[in-house]
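Undergrad: Please see the structure below; I have some questions.
The values are calculated or read from the model by the stated rules, or taken from the named source; none is laboratory data. Everything numeric here is computed off the predicted structure, so don't read it as measured data. Cβ placement follows ideal geometry from the backbone for every residue including glycine, while neighbour counts extend to all protein chains displayed. Keep in mind that these areas ignore ligands, DNA and RNA; they rest on the heavy atoms of the full protein, side chains included. Shrake-Rupley method; radii C 1.70, N 1.55, O 1.52, S 1.80 Å.
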Amino acid sequence: MLSRPRRNRKSSAVRKLVRETSLSPGDLIYPLFLHDGVEDVPIASMPGCHRWSLDGLMREVESAHRVGIGAVVLFPAIPAELKTKGAEEAWNDAGLVPRAIQRLKREFPEVAVITDIALDPYNSDGHDGLVAPDGRILNDETVGVLCRQALCHARAGADIVAPSDMMDGRVAAIREALDNADFTSVSILSYAAKYASAYYGPFRGALDSAPKSGDKKTYQMDPANAREALREADLDEAEGADILLVKPAGPYLDIISLIANRSTLPIAAYQVSGEYLMIKSAAAAGWLDERSVVLESLLGIRRAGADMILTYFAKDIAPCLGA
Ligand code: PBG
């Protein structure tokens, strides 16, 4: 027989030599929830995750950093009394996120701090954009507010801002606002292809950020579309994005692959709350082996073309990965 592919699988050492895809802690970004309280509160809809106090956040980042995680992304839970139609709290320099950024950069200067740019935690409507009286999500007005939010995070010391709102034109506007304020080295990780996905359900429970009315289908993408993702990716790249993100990850591996083959920018993928929960709950029932399935799911996302992965498993899985 001329060709016996099994020869390349005959031992662990040989398998390592021919392995095409690697996974290491440096590929992972750890999403963290925070709130303005003194307790670390377990999140019922996402077992294993917490709403961290600022002190708890520091402890969690320290232990994640110790196992090789070099980047975190922050998601704030904002109390209902601070949520307004105009989402003013989103650019309050004394707000929760700016305070968390400042402390993180002081205590862990080498950890990259990424912040979410979108209005849903701050907006009494629970939408990523401003909502008109007739229920429409206002695009250009929202972009102005997102720029204020990005500048607020940059002033506090954020390394990377990550617009997840899916408004048109926001990457160019944020880039210009940052540059005009001399934040030329603050990066933009843009959610280029973010789908209107049911897999975000547990996250919205974690932050009480579900839309009060309507859904997000007029700004997030239709799960049926792939070519449209390329259009979004092209636009974000042309507007100055530094990294392009696809979200969710597992059900959209084809999109990751398409964009990775098209763009020379680094690609990120977000293994979202619903993907996390499916693995967690099956493992808790004894139906799946958590560690093996997490490794396989992350490897699959890397194999599809993602350079980096946002995953709630980051801290737990890092010790199982090569450096
Ligand atoms: C909103 C935002 C969402 C997630 C991250 N940022 C939810 C949404 O778009 O409704 C979801 C993340 C997850 O499900 O893990 N800006």
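Undergrad: Spin-label point model (7 Å from Cα, Cβ direction): what's the residue 299 to residue 67 distance in nm?
TA: Modelled inter-label distance: 1.8 nm.
Undergrad: Taking all protein chains as present, what is the carbon and sulfur share of the accessible area of the chain, in % to the nearest whole number, probe 1.4 Å? Show your work: numbers first, answer last.
TA: Working: 7410 of 14490 Å².
Of all accessible area on the chain, carbon and sulfur atoms account for 51 percent.
Undergrad: Could you give the length gained by full extension between residue 15 and residue 155, i.e. 0.36 nm per residue of separation minus their alpha carbon distance, to one decimal place?
TA: Values: separation 140, 0.36 × 140 = 50.40 nm, distance 4.77 nm.
The span from residue 15 to residue 155 would gain 45.6 nm if fully extended.
Undergrad: Could I ask something else about it? 7 Å from Cα along Cα→Cβ at both residue 264 and residue 182: what's the point-to-point distance in nm?
TA: About 3.1 nm, to one decimal.
Undergrad: Let me ask another. If you filter the stretch 90-143 for trypsin sites (Lys or Arg not before Pro), then keep DSSP loop positions with at most 15 other Cβ within 10 Å, what is left? Provide the component values of the computation, followed by the final result.
TA: Details: sites: 99, 103, 105, 106, 136; in loops: 136.
Of the trypsin sites (Lys or Arg not before Pro), the ones in loops of the stretch 90-143 whose Cβ has at most 15 other Cβ atoms within 10 Å are 136.
Undergrad: Ignoring ligands, DNA and RNA, what accessible area per residue does the stretch 212-323 give at 1.4 Å, in Å²?
TA: Values: 5240 Å² over 112 residues.
Solvent-accessible surface per residue comes out at 47 Å².
Undergrad: Could you tell me the relative contact order of the chain? Use alpha-carbon pairs under 8 Å, at least six residues apart, and round to a whole percent. Numbers along the way, then the final one.
TA: On the way: 612 pairs, mean separation 62.1, N = 323.
This gives 19 percent for the chain.
Undergrad: Which net charge results for the neighbourhood of residue 322, defined as the other residues with beta-carbon distances under 12 angstrom from its beta-carbon, given Lys and Arg at +1 and Asp and Glu at -1?
TA: Values: positive: 16, 19; negative: 27.
Taking every Cβ under 12 Å from that of residue 322, the sum is +1.
Undergrad: Excluding residues on the same chain fewer than 8 positions from residue 315, give the lysines whose Cα lies under 23 Å from its Cα.
TA: 105, 247, 280
Undergrad: With a probe of 1.4 Å, find how much accessible area the stretch 1-136 has per residue, and write the answer as a whole number in Å². Show your work: numbers first, answer last.
TA: Values: 6770 Å² over 136 residues.
Spelled out: the 1.4 Å probe surface of the stretch 1-136, per residue, equals 50 Å².
Undergrad: Percent relative contact order of the stretch 80-173, based on C-alpha pairs within less than 8 angstrom and at least six residues apart?
TA: Details: 142 pairs, mean separation 32.9, N = 94.
In percent, rounded to a whole number, it is 35.
Undergrad: Given an 8 Å cut-off on Cα distances and at least 6 residues of separation, report the relative contact order of the stretch 253-308 as a percent.
TA: After rounding, I find 56 percent.
Undergrad: A further question on this structure: Give, in nm to one decimal, the length gained when the segment between residue 41 and residue 3 is fully stretched (0.36 nm per residue of separation minus the Cα-Cα distance). Please list the in-between numbers first.
TA: Values: separation 38, 0.36 × 38 = 13.68 nm, distance 5.67 nm.
Gain on extension, residue 41 to residue 3, equals 8.0 nm.
Undergrad: What aspartates and glutamates could a cross-link reach from residue 16, if we take a straight Cα to Cα line under 19 Å and drop same-chain neighbours fewer than 8 places away?
TA: Excluding near neighbours in sequence, the set is 27, 296.
Undergrad: If you fit an axis through the alpha-carbon atoms of helix 139-156 and take the longest principal axis of the Cα set of the chain, what angle between them do you get, 0 to 90°, nearest 10?
TA: Long axis of 139-156 versus the principal axis of the chain: about 80 degrees.
Undergrad: Also, I was wondering about something else. Sequence neighbours fewer than 8 away in the same chain don't count; with that in mind, list the aspartates and glutamates whose C-alpha is under 14 Å from residue 212.
TA: Leaving aside aspartates and glutamates fewer than 8 places away in the same chain, those within reach of residue 212 are 120, 125, 128, 134.
Undergrad: Summing +1 for each Lys or Arg and -1 for each Asp or Glu, what net charge is found among the other residues whose Cβ lies under 13 Å from the Cβ of residue 27?
TA: Details: positive: 302, 303; negative: 307.
Result for the neighbourhood of residue 27: +1.
Undergrad: Given the peptides 21-27, 295-301, arrange them by the average over their residues of other C-beta atoms within 10 Å, most packed first. Let's see the in-between values first.
TA: Working: 21-27: 15.7, 295-301: 19.0.
Final packing ranking: 295-301, 21-27.
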